[in-house]
Amino acid sequence: MVSKHYVGAVGTEVLVDTGIDISMATVLHLLVKKPCGSEVTWAGVLGPPNAVGTYTSISYTVQSGDWDIQGWWNVQAYVEMPGWSGKGATVKFRLYPAYQ
């Protein structure tokens, strides 16, 4: 397991747990605010089932160019499913420059 994440990394799985069953979701996004203030949306997929077999997380695999700025990033789950749509709590993580 990587304890630090670095600018330019590719293939890292970003996994955000929503805390609710999202197996019926029709839209799964991660709303991302970069350290510079710009915002992007990553299209997510259902993450692996939790210990009791319920799907509660959104997964996204980092692509080339996604992690382009060092600093603190904010990520928020956005889900649409029958009868409900909304955002989750904001998760923060830090990207480090190379060699740090």
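Quickly run through segment 64-82 and pick out the residues that are more than 15 Å from V45 (Cα to Cα), out of contact with any Lys or Arg (no Cβ under 6 Å at 6 or more places or on another chain) and not hydrophobic (A, V, I, L, M, F, W, C). The answer is S64, G65, D66, D68, Q70, G71, P82. If I filter segment 26-37 for residues that are surrounded by 12 or more Cβ atoms within 10 Å (Cβ to Cβ), modelled with pLDDT of 95 or more, under 22 Å from G83 (Cα atoms) and polar (S, T, N, Q), do I get at least one hit? No, that holds for no residue.
Counting only residues that are at positive phi, give me the strands (runs of 3 or more DSSP E) lying completely in segment 1-82 with at least 1 of them. Give the steps one after another, and end with the answer.
Working: elements: 13-17, 27-33, 39-43, 57-61, 71-81.
Of the strands (runs of 3 or more DSSP E) lying wholly inside segment 1-82, those with at least 1 residues that are at positive phi span 71-81.
Here Q70 meets the list (1) surrounded by 12 or more Cβ atoms within 10 Å (Cβ to Cβ); (2) in contact with an Asp or Glu (Cβ under 9 Å, 6 or more places away or on another chain) almost entirely, failing just condition (2). In segment 55-90, which residues are at pLDDT 95 or above and of a type in the set (A, V, I, L, M)? The answer is I58, V62, I69, V75, A77, V79, M81.
The criterion of being in contact (Cβ under 8 Å) with a residue 12 or more places away in the chain, touching a strand residue (DSSP E or B) at 6+ places or on another chain (Cβ under 9 Å) and either surrounded by fewer than 10 Cβ atoms within 10 Å (Cβ to Cβ) or not polar (S, T, N, Q) (or both) holds for G44.
In segment 83-100, how many residues are in a loop (DSSP other than H, G, I, E, B) and either of a type in the set (S, T, N, Q) or within 20 Å of A43 (Cβ to Cβ) (or both)?
Of the residues in segment 83-100, the ones in a loop (DSSP other than H, G, I, E, B) are 83, 97-100.
Now restrict to residues that are either of a type in the set (S, T, N, Q) or within 20 Å of A43 (Cβ to Cβ) (or both): 100.
Of the residues in segment 83-100, 1 are in a loop (DSSP other than H, G, I, E, B) and either of a type in the set (S, T, N, Q) or within 20 Å of A43 (Cβ to Cβ) (or both).
Within segment 46-68, is even one residue over 16 Å from the mean Cα position of the chain (by Cα) and within 12 Å of Y6 (Cα to Cα)? No; the residues of segment 46-68 include none that is over 16 Å from the mean Cα position of the chain (by Cα) and within 12 Å of Y6 (Cα to Cα).
The values are calculated or read from the model by the stated rules, or taken from the named source; none is laboratory data. Everything numeric here is computed off the predicted structure, so don't read it as measured data. Neighbour counts run over all protein chains shown; Cβ positions are idealised from the backbone, glycine included.
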